[in-house]
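Student: Provided herewith is a single structure, encoded as structure tokens, for subsequent inquiry.
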Amino acid sequence: MQIVFDPRQRAHAPGSEFHRGKTIPYFESPARVDSILQEIQRCELGQITPPTEHSIDILTRVHDPDYVSFLRTAWQQWSAVETGEAKPHVWPSPSMRPPVPSSIYGKLGFYSFDATCGITETTWQSAWASAQSAASAAELTWENQRHTFALCRPPGHHAERKAFGGYCYLNSAAVAAQRLLNLGASRVAVLDVDYHHGNGTQEIFYDRRDVLVASLHADPRVAYPYFSGYAGETGVGDGESANINVPLSERCDMAEYGENLSNTLQRVHDDSPDAIVVSFGADTFQSDPLGTFRLTTEDLGRIGQMIVALNTPAVIVLEGGYAIEALGANVAAFLRAFASPK
Ligand code: SP5
Ligand code: ZN
């Protein structure tokens, strides 16, 4: 299978994150891609190619143009007045209806929903390269009617139309889905199998019926992102019934996962998408430092096989997965199911 990756995606490397009241080393590190690239090469899973150059327009159907301009210039605005990583520390409450503040401190809170991830000098170039990898993978999938892997990093599924958070700045899965539509697909499904709910993808497509969004994830009552991912969130307006959330138990194993995935795949199948985007996170793995599920490397392979059985061209977009030593093997196990010609 073709694999799309841009070396510029390695550059983004915040030193720390705010986690449960403490400052700890950043989990979402460039070492993640090294582990994956090494295993892809060792297993000869496919050829790795860089994305083609895109115009910024590929972002603006899924992100607010002012948010994109903010991200592109945030480091410049921050470094003019501060040293260290740019991080938000104040947010509007749900009852406030503010205009965009002109202060960089205000803007950081206006355009984010958590304090886990900062913005550094290289954040924009990596996030933009990551989004372009997803766009190129979507183009390859559509042209060849074959599965393609976008080795996205930083990840994207937590990024909303105009908010970063959860290590995510630009929503690569949403960019890929929108590319498929622009290339001629009439319906696309995004299937999110990261441990965490893909709140950003849900929010971006919540009122649209051309993109079905389905996510299996740890129950938000007990897991990040806490405020999104409940089963009752089914879409609004034209998008009513085009959003599916499947919250799973904290100690979910393959028996529980497999049954819920099977039901979800049936609903995706019933929607007859022309292509699917898979937001794939390996943080469902049993020893992931951010997860609590009990899936094994072999289970991730089974999940891949179940998705392949949809028999629909897929763009696989990397999201989370933080057990670095096992990450390459986990991603390879999942991808192997897609690697043989469709
Ligand atoms: C793309 C992605 O996977 N983003 C995840 C962001 C999660 N950030 C906060 C996680 C806090 C949960 N810490 C759990 C520790 C359990 N040992
Ligand atoms: Zn995750």
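Each reported figure results from applying straightforward, stated rules to the coordinates on display, with no laboratory input. The structure displayed is predicted, hence computed values, not measured ones. Note that we place each Cβ from the backbone using ideal geometry, even for glycine, and neighbour counts take in every protein chain shown.
Student: How would region 71-182 be classified by its alpha-carbon gyration tensor: rounded, prolate or oblate, with rounded meaning a/c under 1.5 and the a/b versus b/c comparison settling the rest?
Tutor: Values: a/c = 2.85, a/b = 1.92, b/c = 1.49.
Prolate shape, in that a/c is at least 1.5 and a/b is the bigger ratio.
Student: Pick from 125, 47, 145 the residue whose mean-square fluctuation is largest in a GNM of the chain, springs joining Cα atoms under 10 Å.
Tutor: Evaluated over the chain, the most mobile residue of the options is 47.
Student: Taking neighbour Cβ counts within 10 Å as the exposure measure, how do 18, 227 sort from fewest upward?
Tutor: Values: 18 16, 227 12.
The order, fewest Cβ neighbours first, is 227, 18.
Student: Right, here's the next one. Can you put 191, 318 in order of Cβ neighbours within 10 angstrom, beginning with the fewest?
Tutor: Numbers: 191 26, 318 33.
By the 10 Å Cβ count, ascending: 191, 318.
Student: Determine which residues of region 98-121 fall in the zone a paramagnetic label at residue 83 would reach in this model, i.e. backbone nitrogen under 20 Å from the point 7 Å along Cα→Cβ.
Tutor: In region 98-121, the label zone of residue 83 (backbone N under 20 Å from the point 7 Å along Cα→Cβ) covers 105, 118-121.
Student: Report the residues of region 65-90 in range of a label on residue 238: point 7 Å along Cα→C-beta, backbone N strictly under 19 Å from it.
Tutor: 65
Student: Suppose a student asked you for the relative contact order of region 1-134, using Cα pairs under 8 Å spaced at least 6 residues apart; what percent would you report?
Tutor: Normalised by residue count, the contact order of region 1-134 is 39 percent.
Student: Near residue 27, within a Cβ-to-Cβ distance under 10 Å, what is the net charge of the other residues, with Lys and Arg +1 and Asp and Glu -1? All intermediate terms of the calculation are to be shown ahead of the outcome.
Tutor: Numbers: positive: 32; negative: 17, 28, 283, 288.
Neighbourhood net charge equals -3.
Student: What Rg and what Dmax come out for the chain when only alpha-carbon atoms are used, in angstroms?
Tutor: Over the chain's Cα set, Rg and Dmax evaluate to 18.4, 53 Å.
Student: How much length would be gained if the chain were fully extended between residue 183 and residue 230, taking 0.36 nm per residue of separation minus their Cα-Cα distance, in nm to one decimal? Working shown, then result.
Tutor: Values: separation 47, 0.36 × 47 = 16.92 nm, distance 3.20 nm.
Extra length from residue 183 to residue 230 when fully extended: 13.7 nm.
Student: What FRET efficiency comes out for the pair residue 61/residue 103, r = Cβ-Cβ distance, R0 = 22 Å, nearest 0.05?
Tutor: Values: r = 29 Å, r/R0 = 1.32.
Working from the Cβ atoms, E equals 0.15.
Student: What length, rounded to one decimal in nm, is gained on full extension from residue 73 through to residue 298, with 0.36 nm per residue of separation minus their alpha-carbon distance?
Tutor: Details: separation 225, 0.36 × 225 = 81.00 nm, distance 4.28 nm.
Contour length minus the Cα-Cα distance gives 76.7 nm.
Student: Tell me the mean residue ellipticity at 222 nm calculated for the chain from its helices only (DSSP H runs of n ≥ 4, each -39500 (n - 2.57), averaged over every residue, nearest 500).
Tutor: Dividing the helical sum by the residues of the chain leaves -11000 deg cm²/dmol.
Student: Starting from the Cα of residue 24, step 7 Å along the direction of its Cβ; do the same at residue 222; then give the gap between the two resulting points in nm.
Tutor: 1.8
Student: Which angle from 0 to 90°, rounded to the nearest 10, does the C-alpha axis of helix 65-79 make with the longest principal axis of the chain?
Tutor: The helix 65-79 is inclined about 50 degrees to the chain.
Student: Taking neighbour Cβ counts within 10 Å as the exposure measure, how do 111, 230 sort from fewest upward?
Tutor: Taking fewest neighbouring Cβ atoms as first place, the list is 230, 111.
Student: Work out, step by step, the length gained on full extension between residue 262 and residue 47: first 0.36 nm times the residue separation, then minus their alpha carbon distance; give nm to one decimal.
Tutor: Values: separation 215, 0.36 × 215 = 77.40 nm, distance 3.05 nm.
Taking 0.36 nm per residue and subtracting the Cα distance, the gain is 74.3 nm.
Student: Under the classification rounded if a/c is under 1.5, otherwise prolate if a/b is larger than b/c and oblate if not, where does region 248-322 fall, given a ≥ b ≥ c as square roots of the Cα gyration tensor eigenvalues? The partial results should precede the final answer.
Tutor: Values: a/c = 2.27, a/b = 1.59, b/c = 1.43.
Prolate, since a/c reaches 1.5 and a/b exceeds b/c.
Student: Related question: What FRET efficiency would be calculated for the residue pair residue 209, residue 144, taking the C-beta separation as r and a Förster radius of 30 Å, to the nearest 0.05? Don't skip to the end; give the middle numbers.
Tutor: Details: r = 27 Å, r/R0 = 0.90.
Efficiency, from the Cβ-Cβ distance: 0.65.
Student: Okay, moving on. Between helix 31-42 and the chain, what is the angle of the helix's C-alpha long axis to the longest principal axis, kept within 0 to 90° and rounded to the nearest 10?
Tutor: 30
Student: Further, regarding this structure: Tell me, how many Å apart are the Cα centres for region 134-210 and for region 279-316?
Tutor: Comparing the Cα centres of region 134-210 and region 279-316, I get a distance of 17 Å.
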